[in-house]
Amino acid sequence: MNYTRSSLSLSRPTRRAFLRSGSALIALPFLESLGAKSFAAASKVAAPPKRMIFLGFGWGVTKESWYPDINTTGSDYELPKGLRALQRHKKDFTIIQNLTNQFSNEAHWGSTFYLTGANRYAEPGQSFYNSVSADQVAAEVLGKETRFTSLQLGCDRAQDSGHGPGLSMSWNRQGKPIAGLNSPVAAYHKLFSDTDTPLEERQALLKQKRSVLDTVIENARTMNGKLSKNDTEKLDEYFQSIREIETRLSKEEQWLDVPKARPSEAMNEPQGEIEGYEEVKLMYDIMVAAMQVDATRVMTYRQPVDTFIRSLGATITGHNMSHYTNGSRLSVSEMRDQKQSELLAYFIDKLKATKETDGSSLFDNLSLSYGSNIESIHYLKNCPTVLTGGGAGVNHGRHLVMEDDKTPLCNLWLSLLQGVGVNADSQGDSTGTIKELWT
């Protein structure tokens with residue numbers, strides 16, 4: 001099939017452009033010209049977008065062999081055994097100690113409040129409350145141009161891996177959980193597989209959703225003048241949820257007739273059951289592939305622990321491992337740390353090797369955090385924290401120890417949000433930014 005320039009949609013030359021003919025609709029690859037304001041300005045390559053990734057795991061780390069010596073800060077610190085696999089990237093990441101979520105009180109919940117810093121008892125008479133997670137604050141700004149505003153990745157049986165309540169690491173503005181994709185297979189098809197349903201049928205289904213939504217809104221509004229103060233507040237929260245649904249429907253309409261981009265040849269469709277070490281590795285590959293085609297710019301990954309250690313040959317559960325003492329439990333815990341670090345080093349390798357249109361790498365434009373709400377053996381302080389990537393402008397290659405041993409973890413999220421250009425004044429229980437990140 002032959003195409004001429006006239007067959008290319010020129011009305012809005014972006015990365016979403018595609019070729020049309022009487023019988024085909026084919027997505028274009030990632031072309032630097034399509035990042036420019038117009039084809040006349042194609043020689044001026046657009047700056048790559050900022051991106052954020054939050055990686056979280058449950059059951060904490062092995063305190064004795066994961067944290068660097070607290071008395072050796074700056075760049076001249078020695079990587080402990082648990083992080084030694086990251087040695088080749090030492091100048092490109094930062095380890096921070098003494099960050100905490102002050103309201104944490106459940107030692108089995110490694111990610112429920114990790115990105116929110118919320119107090120679960122904030123509402124009188126209620127036993128659970130949460131607020132918006134940092135990734136969703138970022139997604140409101142960074143996710144406007146992409147097919148997926150954000151992407152939530154996870155694992156099956158997350159509570160067995162020490163994560164606690166939630167459907168992913170992400171929570172919306174109402175503190176409600178956001179569903180995640182719990183396998184590489186599900187993530188791959190969400191990102192790259194087009195539906196076989198004809199466009200007209202999908203348009204009709206979307207119209208039906210809007211019709212139902214309009215009816216619900218109208219019925220709810222007729223009740224507004226008959227409600228008590230408490231019920232009015234509940235209705236306001238309900239309307240906010242409705243607005244979020246409307247936003248998602250609008251984005252779905254925007255991308256309805258645009259084919260999903262194909263991943264690079266190196267990213268093959270996952271086959272069969274994949275668990276543990278290979279599961280995490282494949283999720284990292286999928287995240288790189290998603291950024292290559294600019295399908296999303298904000299991702300979270302709630303990682304497995306139970307299946308992870310079993311894939312390494314362990315015969316105990318993640319929970320039993322987390323109660324380690326000298327002996328086999330300690331050995332499994334240390335092995336888990338080392339293998340997780342090995343995979344993180346692999347991820348950084350791929351991010352550095354994947355080039356953007358301006359010659360920089362994905363790594364250069366990405367803010368990536370890695371850690372847990374649990375320190376070690378169920379202690380809820382000194383959250384293990386590693387930062388990498390150049391997207392937030394952090395001065396890497398250092399070991400930082402906060403002077404206040406109860407520095408809010410949310411100070412870090414606020415710092416990174418501002419670092420990638422998100423205009424946030426606060427996040428969770430933040431008291432300010434961590435200025436040491438840039439000094």
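The values are calculated or read from the model by the stated rules, or taken from the named source; none is laboratory data. Just so it is clear, the model here is predicted, and its values are computed rather than measured. So basically every Cβ, Gly included, is an ideal-geometry build from the backbone, and we count neighbours across all protein chains shown.
Numbers at a glance
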{"item": "In the stretch 76-104, residue modelled with the lowest pLDDT [restricted to those that are among the hydrophobic types (A, V, I, L, M, F, W, C) and either assigned to a helix (DSSP H, G or I) or under 23 Å from ALA118 (Cα atoms) (or both)]", "result": "PHE103"}
{"item": "Subset of the stretch 408-423 [surrounded by 18 or more Cβ atoms within 10 Å (Cβ to Cβ) and not in a helix (DSSP H, G or I)]", "result": "PRO408, VAL420, VAL422"}
{"item": "Test: residue in the stretch 329-341 that is without any contact (Cβ under 8 Å) to a residue 12 or more places away in the chain, farther than 23 Å from TYR284 by Cβ and not hydroxyl-bearing (Ser, Thr, Tyr)", "result": "no"}
{"item": "Segments classed as strands (runs of 3 or more DSSP E), wholly inside the stretch 354-407, with at least 3 members that are farther than 20 Å from THR300 by Cα and either at pLDDT 95 or above or assigned by TED's automatic domain parsing to the domain that holds GLU64 (or both)", "result": "398-401"}
{"item": "Candidates ARG147, ARG173, ARG120, ARG157 - the one that is under 29 Å from THR433 (Cβ atoms), in contact (Cβ under 8 Å) with a residue 24 or more places away in the chain and of a type in the set (Lys, Arg)", "result": "ARG173"}
{"item": "Checking MET321 against (1) in contact (Cβ under 8 Å) with a residue 60 or more places away in the chain; (2) in contact with a Gly (Cβ under 8 Å, 6 or more places away or on another chain); (3) of a type in the set (A, V, I, L, M), the condition it does not meet", "result": "(2)"}
{"item": "Residue check for GLN126: under 27 Å from ILE377 (Cα atoms) and either small (Gly, Ala, Ser) or assigned by TED's automatic domain parsing to the domain that holds LEU417 (or both)", "result": "no"}
{"item": "Residue under evaluation LEU199, criteria (1) closer than 26 Å to SER415 by Cβ; (2) at pLDDT below 95; (3) hydrophobic (A, V, I, L, M, F, W, C), criterion not met", "result": "(1)"}
{"item": "Number of the condition not met by VAL280 [criteria: (1) part of a loop (DSSP other than H, G, I, E, B); (2) modelled with pLDDT of 95 or more]", "result": "(1)"}
{"item": "Complete set of residues in the stretch 70-85 that are among the small types (Gly, Ala, Ser) and under 25 Å from ASP404 (Cβ atoms)", "result": "GLY74, SER75, GLY82"}
{"item": "Any hit, the stretch 298-310, residues being in a loop (DSSP other than H, G, I, E, B), within 14 Å of the chain's Cα centre (by Cα) and not polar (S, T, N, Q)", "result": "no"}
{"item": "Pairs, first closer than 25 Å to LYS381 by Cβ and among the basic types (Lys, Arg) in the stretch 406-429, second modelled with pLDDT under 95 and outside any helix (DSSP H, G or I), C-beta under 9 Å, six or more apart", "result": "LYS406/GLN102; LYS406/LYS381"}
